[in-house]
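Novice: Sharing a structure here in structure tokens format.
The values are calculated or read from the model by the stated rules, or taken from the named source; none is laboratory data. This structure is a prediction, so every number in the text was calculated from the model and none was measured. Cβ atoms come from the backbone with ideal geometry, glycine included; neighbour counts cover every protein chain shown.
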């Protein structure tokens with residue numbers, strides 16, 4: 001993916017791509033942060049209008065959908081807002097996470113004392129509700145591979161929740177050890193097509209995660 005992305009699904013209304021780790025979804029505020037997935041897609045689809053629907057953290061890899069029309073953008077945006085989109089992530093975390101499955105309920109707020117990069121913390125008093133389901137996939141001697149199902153969509157939610165459990169994501173530059181690419185991958189995205197209302201279920205095989213985590 002020399003362009004920083006790979007097209008997974010595409011039609012006249014939308015495109016789903018696989019984003020690499022280290023690439024911003026949207027441009028930052030300063031001139032040195034203008035290179036991003038959105039701008040690369042607008043250059044790639046120079047004769048079409050590429051509209052933003054949602055985002056992935058810069059260090060998160062995997063599936064993200066963009067719209068080609070106003071109608072598609074509105075429909076997809078509403079699905080995300082109303083929590084009608086099914087999202088599944090795969091992560092490799094420090095230590096041996098247990099039990100085999102569970103639900104993390106820990107409200108999150110921004111840490112206003114740290115803005116570059118933005119940092120979020122668990123805060124029972126002032127945090128916004130944040131819920132993540134998890135299911136252990138495999139355990140090694142020093143790490144655990146786990147599937148994550150965010151119920152809410154707070155910024156850095158999965159990363160903060162796993163750190164809160166004492167099992168930060170490997171490679172996380174903010175909440176973990178920061179060594180190598182972050183081992184968090186958006187593996188599945190399921191939504192209703194904005195034109196046909198049929199289910200669109202995009203997923204990446206486990207081998208893709210293992211290849212990029214090697």
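Novice: Looking at the range 47-62, which of the residues that are at negative phi and in contact with a strand residue (DSSP E or B) (Cβ under 6 Å, 6 or more places away or on another chain) is surrounded by the fewest Cβ atoms within 10 Å (Cβ to Cβ)? Show your work before the answer.
Specialist: Step one: filter the range 47-62 for residues at negative phi, giving 47-61.
Narrowing the set further to residues that are in contact with a strand residue (DSSP E or B) (Cβ under 6 Å, 6 or more places away or on another chain) leaves 50-51, 53, 56, 60-61.
Values: 50: 20, 51: 18, 53: 20, 56: 20, 60: 24, 61: 28.
By that ranking, first place goes to 51.
Novice: While we're here: Here is a list: 181, 173. Which entry is touching a helix residue (DSSP H, G or I) at 6+ places or on another chain (Cβ under 9 Å) and over 25 Å from residue 103 (Cβ atoms)? Can you show your working first?
Specialist: Numbers: 173 fails: touching a helix residue (DSSP H, G or I) at 6+ places or on another chain (Cβ under 9 Å).
Checking each option against the conditions leaves just 181.
Novice: Right, here's the next one. Test of understanding: among 170, 206, 210, 162, which residue is buried (at least 20 other Cβ atoms within 10 Å of the Cβ) and under 17 Å from residue 62 (Cα atoms)? Walk me through how you get there before you give the answer.
Specialist: Details: 206 fails: buried (at least 20 other Cβ atoms within 10 Å of the Cβ); 210 fails: buried (at least 20 other Cβ atoms within 10 Å of the Cβ); 162 fails: under 17 Å from residue 62 (Cα atoms).
Criteria check complete, one pass: 170.
Novice: Also, quick follow-up: Out of everything in the range 27-46 that is surrounded by 12 or more Cβ atoms within 10 Å (Cβ to Cβ) and not in a loop (DSSP other than H, G, I, E, B), what residue ends up being modelled with the lowest pLDDT?
Specialist: Out of the qualifying residues, it is 33.
Novice: Please go through (1) closer than 29 Å to residue 12 by Cα; (2) more than 15 Å from the chain's Cα centre (by Cα); (3) surrounded by fewer than 17 Cβ atoms within 10 Å (Cβ to Cβ) for residue 190 and return the number of the only condition it doesn't satisfy.
Specialist: Only one criterion is unmet by residue 190, namely (2).
Novice: Report yes if residue 154 is buried (at least 17 other Cβ atoms within 10 Å of the Cβ), touching a strand residue (DSSP E or B) at 6+ places or on another chain (Cβ under 7 Å) and at pLDDT below 95, otherwise no.
Specialist: Numbers: buried (at least 17 other Cβ atoms within 10 Å of the Cβ): yes; touching a strand residue (DSSP E or B) at 6+ places or on another chain (Cβ under 7 Å): yes; at pLDDT below 95: yes.
When the stated conditions are applied, residue 154 passes them.
Novice: Could you check the range 47-113 for strands (runs of 3 or more DSSP E) lying wholly inside it with 2 or more residues that are touching a residue at least 24 places away in the same chain (Cβ under 8 Å) and farther than 24 Å from residue 4 by Cα?
Specialist: Details: elements: 61-67, 86-94, 101-105.
Qualifying strands (runs of 3 or more DSSP E): 86-94, 101-105.
Novice: Quick one: how many residues across the range 131-151 are over 24 Å from residue 83 (Cα atoms) and either within 13 Å of the chain's Cα centre (by Cα) or surrounded by fewer than 21 Cβ atoms within 10 Å (Cβ to Cβ) (or both)? I'd like the intermediate steps shown before the answer.
Specialist: We begin by selecting, within the range 131-151, every residue over 24 Å from residue 83 (Cα atoms); these are 137-145.
Cutting the leftovers down to either within 13 Å of the chain's Cα centre (by Cα) or surrounded by fewer than 21 Cβ atoms within 10 Å (Cβ to Cβ) (or both) gives us 137-143, 145.
The total comes to 8.
Novice: Among residues belonging to the range 1-26 that are touching a strand residue (DSSP E or B) at 6+ places or on another chain (Cβ under 8 Å) and assigned to a loop (DSSP other than H, G, I, E, B), point out the one that is farthest from residue 185 (Cα to Cα). First the steps, then the outcome.
Specialist: Of the residues in the range 1-26, the ones touching a strand residue (DSSP E or B) at 6+ places or on another chain (Cβ under 8 Å) are 1, 4-10, 13-21, 23, 25.
Right, trim to assigned to a loop (DSSP other than H, G, I, E, B) and you get 1, 4, 13, 20-21, 23, 25.
Values: 1: 15, 4: 14, 13: 25, 20: 9, 21: 9, 23: 13, 25: 14 Å.
Selected residue: 13.
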